[in-house]
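Have a look at the structure below before the remarks.
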Amino acid sequence: MRASSRTFALGLAGALALPGTVLAGPAAAHERPPHEHPGHARGGGPPTAEPPKVPQMSGRGGAVSSVDPVASRVGIDVLERGGNAADAAVAMAATLGVTEPYSAGIGGGGFFVHYDARTGEVRTIDGRETAPATYDEDEFLGADGEPLDFDTVVNSGKSVGVPGTLATWEAAAEEFGTMELGRLLHPAERIAQRGFAVDANFAEQTAANAERFAQFPETAETFLVDGQAPEVGTVFRNPDLARTYRTIRQQGTEAFYEGGIAEAIVAETRTPTTAEGVEVLQGELTLEDVASYEALFGEPTRSEYRGLEVYGMGVPSSGGTTVAETLNLLEAYDERTGETLSEVPEEQYLHRFAEATATAFADRNRWVGDVADVPVAELTGQAFADERACGFDPAAARPRPVPFGQPDGDYAACGAAAPAQEAVAGGVSTTHLNVADRWGNVVAYTLTIEQTGGSGITVPGHGFLLNNELTDFEFAPITEGVPHPNLPGPGKRPRSSMSPTVVLRDGEPWLAVGTPGGATIITTVAQIVTGHVDRGLPLVDAIAAPRLSSRNGETAGADLGLAGSSLGAQLGGLGHELEDVRWIGNASAIRILGDGRFEAAAETERGHGGSAMVVRPDRSR
Ligand code: GLU
């Protein structure tokens, strides 16, 4: 079976090569893979070792952070070779497409936030997937007018939007970078070709999806070994993906958007190849949909928090507006109570935080989507938050769902009552990376294929999974009679929660942060900012702290044992119903310390730990 030729047991650790030379150029012809599996004809050098996972590192020369040490190492390599933050971010993302293929890749989309040291400007790239031109508001309703079953749509061609990731990389490399896209794809191509060591994350994610992947023979062949997840420590290779990267390197992104890869994507989504007896919904993507895709440059959202400038992702992500509103609400609660977030006890901090996020989510769900009239300036402004803060009670949680507000520029002490809307669902996958370079450029980039494993459909012969991003649309209006900004539409981009965030202090870049986690992305980013800024936690501890995610539903997610702790009980006493979850998100960040120093930070525990690296670590480490 082809799959088993893509993995093999890792023999000697010494046979592994650190990807420190990956930018050097194509594998020399004389290099031989040391452990080539019998029957596996395509070699190209030793597999890539996973550098140690370090959750915090300080030093000079530039910094990166991500969930994966192989990707972080590639980013450092690019910086060492004179690349800038955008160059490193693209090379890291391409690598994550190989090593984190269930979270991100060229079959998906994402949002790129960039601070340009030369101009002092923050700009964004919207690489969100688009719906086929034939989709309308009723796309996800059945013949009976009821919403289609969510999982049925996920595992089908119908959930697949035109991928925007490759167009994002090209836009970033051309506009902000210094290196050719082809050069930046090369390390990832080599890692896909030579293979990398399967880690706990990869094995767990494959195992969790094995049944789903088995429905699609190409996916089973690409990612399963005899129908099972590969074992930790074995080497996984993806020669099809290596070849796809090589094709793009040689022929440009046209190969993907107009050439043979586009044809393969369209054919596979319209008529997915399934295992015997499995039938799935067909998609409607056309070659024209794919060819007309554009990654869009745009303005970030901007708000102020404690004198800092917070830049986030604008529409169609709800990340920027909802993080901004949350932070503005917290400032408004300070005013109302006369006590700042930094001085209240821990349960009050989390209570305020949960009240703020629930309120901000009520507004997000009503007002934000890929529509023309999103009141971004109002949603991110302090005046609206001051009005919305009027329902805050330090002694009790507001009943959920909190009603949405009217961001109309006309604010009284307390806004007019509006209907409460149920919370909406979201996925739990994705990946995030940050880069800061020695010239002062900064990138925060979140990318995804939506669910872990996306639609489950792998493009035949090309080694990458297609997204199921179109399930981020609402299938039906949440409340009858209330307009809904996130229903499907022709060429429309589904609303996202991705929140790549760059914070400036005194006009200079100071923090880059982001995380995966579906709608919990927003609460996680806001909690890390408040943990660090208000609660005085070192950055790595602000990332490691147990998370609370109240998104205007009946319950709030709480991880790392918070729900069962005495603090959890205190929150329960205030009316918060906590739901115990294993991990919320998998965040990473970089703090620019000034004086040429950086602090990179990542998870200590979630996702089995993340990877923080700097070009020249401080000596004391
Ligand atoms: N599709 C989600 C979004 O854009 C991200 C996927 C996830 O993190 O689960 O908000």
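Split the accessible area of segment 100-140 by element, probe 1.4 Å, and carbon with sulfur accounts for 39%. Of all beta bridges that DSSP places with both ends in the chain, some 90 percent have antiparallel geometry.
Distance between the 7 Å Cα→Cβ label points at Leu537 and Ala200: 2.0 nm. Rounded to the nearest whole Hz, the Karplus-based 3J(HN,Hα) values (6.51 cos²θ - 1.76 cosθ + 1.60, θ = phi - 60°) of segment 46-61 follow the sequence x, x, 8, 6, 8, x, x, 7, 10, x, 8, 8, 10, x, 10, x, with x at glycine and proline.
Across the chain, counting alpha-carbon atoms alone, Rg and Dmax equal 23.1, 75 Å. Each of the peptides 50-59, 588-597, 514-523 was scored by the mean count of other Cβ atoms within 10 Å over its residues; in descending order, highest first, they stand as 514-523, 588-597, 50-59.
Its Cα centre serving as origin, the chain has a Cβ charge dipole (Lys and Arg +1, Asp and Glu -1) of approximately 2460 debye.
Segment 509-536 and segment 333-368 have their alpha-carbon centroids 14 Å apart.
If I take R0 = 30 Å and measure r between the Cβ atoms of Glu146 and Arg270 in this structure, what FRET efficiency does the formula 1/(1 + (r/R0)^6) give, to the nearest 0.05? Computed FRET efficiency for Glu146 and Arg270 comes out at 0.75.
Using a probe radius of 1.4 angstrom, the carbon and sulfur fraction of the accessible surface of segment 210-291 is 43%.
Between the beta carbons of Asp410 and Glu137, assuming R0 = 30 Å, the FRET efficiency works out to 0.50 to the nearest 0.05.
Over segment 451-573, Cα pairs under 8 Å with separation of 6+ residues give a relative contact order of 12 percent. Shown for segment 566-608: the carbon plus sulfur share of the solvent-accessible area, taken with all protein chains present and a 1.4 angstrom probe, equals 44%. Only helices enter the 222 nm calculation for the chain: every DSSP H run of n ≥ 4 contributes -39,500 (n - 2.57), and dividing by all residues gives -9000 deg cm²/dmol, rounded to 500. Computed with every protein chain present, the accessible area of Asp334 is close to 20 Å² [probe 1.4 Å]. Applied to segment 503-514, the Karplus parametrisation 6.51 cos²θ - 1.76 cosθ + 1.60 on θ = phi - 60° returns per-residue 3J(HN,Hα) values of 10, 10, 10, 6, x, 10, x, 10, 8, 10, 8, x Hz, with x for Gly and Pro. Which part of segment 287-306 falls in the paramagnetic zone of Ala377, meaning amide N under 19 Å from the point 7 Å along Cα-to-beta-carbon? Only 298-305 fall inside the zone, counting backbone N under 19 Å. Summed over the residues of the chain and divided among them, the accessible surface reaches 34 Å² per residue at a probe radius of 1.4 Å. Looking at segment 515-621, the GluC sites (Glu not before Pro) that sit in a DSSP loop and have at most 16 other Cβ atoms within 10 Å of their own Cβ are Glu554, Glu577, Glu605.
The values are calculated or read from the model by the stated rules, or taken from the named source; none is laboratory data. All figures in this text were calculated on a predicted structure; none of them were measured in a lab. All Cβ positions, even for glycine, are placed from backbone atoms using ideal geometry, and neighbour counts span all protein chains on display. Ligands, DNA and RNA are excluded from the accessible area calculation, which covers all protein heavy atoms including side chains. Shrake-Rupley method; radii C 1.70, N 1.55, O 1.52, S 1.80 Å.
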